[in-house]
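Below is one structure, written out as structure tokens; comments come after it.
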């Protein structure tokens with residue numbers, strides 16, 4: 001158990017520069033073993049740069065980083081031996097079969113060949129690709145390729161699994177299959193670390209997350225905590241028609257706790273959405289449509305950065 | 001129980017080779033055979049009739065002169081073909097090096113695996129030439145056995161430097177110029193087709209420093225039993241002096257590109 005007493009990740013004042021560009025600007029992160037941890041943020045927030053440093057494939061510019069208590073600058077190979085990685089862009093070998101892709105990758109970790117074959121078959125089963133094991137990767141759909149990449153990343157039975165935008169570009173059905181598989185890994189006690197710009201993904205999978213913006217961490221907590229801290233229980237969405245949302249801001253002042261005027265709608269933050277809507281009607285306003293929903297991480301992000309997550 | 005990392009990288013390449021080995025092996029035999037027949041026997045029939053040729057070639061037929069050198073040129077041409085686009089592709093297009101870099105493999109291990117793969121790849125091609133030489137009575141010799149590794153050593157020099165070039169490029173625009181301006185002139189002027197002594201005085205020293213000439217001389221010397229121990233060691237030393245810095249440069253470039 002000595003290994004598990006170490007934090008899986010410990011970063012202090014971590015920065016990453018590429019020339020003059022500062023991709024990560026001093027972040028502090030600590031992830032416990034067995035935790036599911038997320039980096040949420042828009043494109044260019046520094047999530048992938050952070051992830052690559054954690055994966056032991058990108059040198060730290062300044063600050064300290066420890067993975068399993070080890071320094072990636074001196075113990076990169078040892079760290080990578082205990083990690084599973086799912087990169088943002090699939091780098092499977094298109095000309096090899098599914099099974100061979102996994103075996104070859106397992107061999108990079110010096111796992112005996114017979115053991116590689118056994119694990120590969122077991123993992124193809126886990127990601128529901130067994131029937132295609134002797135087919136070629138080129139013939140797979142995007143979602144299947146991503147599942148195969150996940151199976152590949154599990155060949156060395158990693159203690160921590162790093163996923164960089166695991167479901168970007170996948171259709172909703174493929175995303176749900178993938179979430180289900182990741183949820184099972186989480187139940188098996190694997191530490192999951194993922195980046196995403198989908199708030200629903202973060203809510204589904206993460207025990208705890210940080211919101212990143214322009215290389216910095218702007219908030220940290222569980223999805224629930226963040227919503228409680230930065231948003232209200234409910235949100236009332238009002239649509240007054242194209243271009244006329246801003247005009248109604250003045251007449252909405254005082255309804256709910258806070259207003260957010262977007263191009264296509266006005267968000268009214270209130271603990272009780274229905275009574276806020278009642279108040280809107282009492283003031284004689286007639287929105288084209290209205291919707292009361294629960295607060296989400298999207299609202300948290302909007303509050304923290306003034307921008308929408310998915311542009 | 002553990003397998004060297006370079007061998008584990010090679011396993012991946014061998015799986016890919018398994019898919020194309022039939023055409024690959026056929027071509028390996030065909031190309032040197034065509035050279036041997038076309039140049040050795042075709043041009044040879046012109047050369048061998050001239051009185052001055054026996055002086056320049058040392059009382060052997062042109063085919064006998066040419067054949068052993070093809071071991072070294074074949075290694076070089078294979079190295080060039082397999083170390084430009086495939087190497088840049090490993091970084092940029094198929095991401096195979098990136099996949100390796102995420103595992104416990106280190107950059108020098110990836111480089112070693114790549115070189116080992118090239119040695120196998122060149123071995124197949126050079127082996128094809130060796131078979132042609134063994135079949136022809138004038139070049140049939142036990143010297144073919146040491147000539148094959150000599151050709152591979154020469155090929156590894158090209159592997160190292162061409163791999164380094166490819167690993168340091170962002171785009172492949174310069175690659176056909178490497179073929180045209182480096183490999184083809186070496187192929188023509190490296191002493192495989194005629195003795196370097198027949199070149200103008202000013203060009204001879206150029207041939208002497210190029211690794212191909214040393215490879216050609218080693219192979220020819222082994223096959224025709226015309227090489228003394230000191231000479232042989234000298235050629236090997238020059239090739240080693242070319243190889244080692246190229247290898248170090250590759251290690252650095254791979255580390256820089258994979259872990260940035």
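Taken along the Cα-to-beta-carbon direction at a fixed 7 Å, the label points for residue A:216 and residue A:28 span 1.4 nm.
Per-residue extension of 0.36 nm, minus the Cα-Cα distance of residue A:95 and residue A:288, leaves a gain of 64.1 nm for this segment. Compute the helix-to-body angle for B:211-224: its Cα long axis versus the longest principal axis of chain B, expressed 0 to 90° and rounded to tens. On a 0 to 90 degree scale, this one is about 50. In this label model, residue A:125 and residue A:258 are separated by 5.0 nm, measuring between points 7 Å along each Cα→Cβ vector. Computed over the protein assembly as shown, the P(r) tail beyond 43 angstrom holds 39 percent of alpha carbon pairs.
Look at the Cα gyration tensor of segment B:167-254: its axes a ≥ b ≥ c give a/c of at least 1.5 with a/b at or below b/c, and that counts as oblate. Model label sites at residue A:224 and residue A:139, defined 7 Å from Cα along the beta-carbon direction, differ in position by 4.7 nm. Across segment B:77-99, the residues whose backbone nitrogen lies under 20 Å from the label position 7 Å along the beta-carbon direction of residue B:206 are B:77. Helix A:98-108 and the longest principal axis of the Cα set of chain A meet at an angle near 70°. Under 15 Å from a label point set 7 Å out along the Cα-to-Cβ vector of residue B:16, the amide N atoms of segment B:109-138 belong to B:110-122.
Beta bridges from DSSP with both residues in chain A: antiparallel share about 65 percent, rounded to the nearest 5.
When the Gaussian network model of chain A links Cα atoms closer than 10 Å, the mean-square fluctuations of A:183, A:198, A:108 top out at A:108. Panel order for B:20, A:54, by other beta carbons found within 10 Å of each beta carbon, from fewest to most: B:20, A:54. Ordered by the count of other Cβ atoms within 10 Å of each Cβ, fewest first, B:46, A:102 give B:46, A:102.
Put in order of Cβ neighbour count within 10 Å, fewest first, the listed residues A:285, B:186 become A:285, B:186.
Estimated from the Cβ-Cβ distance and a Förster radius of 60 angstrom, the FRET efficiency linking residue A:200 and residue B:240 is about 0.50. With chain A treated as a Gaussian network of Cα nodes joined by springs under 10 Å, which of A:109, A:68, A:37 yields the largest mean-square fluctuation? Of A:109, A:68, A:37, the Gaussian network model singles out A:109 as fluctuating most.
How high is the FRET efficiency between residue A:115 and residue B:141 when r is their beta carbon distance and R₀ equals 56 Å, given to the nearest 0.05?
0.75
Only the coordinates and a few stated rules stand behind these numbers; no lab work does. These numbers were taken from a predicted model, which means no experiment stands behind them. Here the Cβ is made from the backbone with ideal geometry for all residues, glycine too, and neighbour counts use every protein chain on show.
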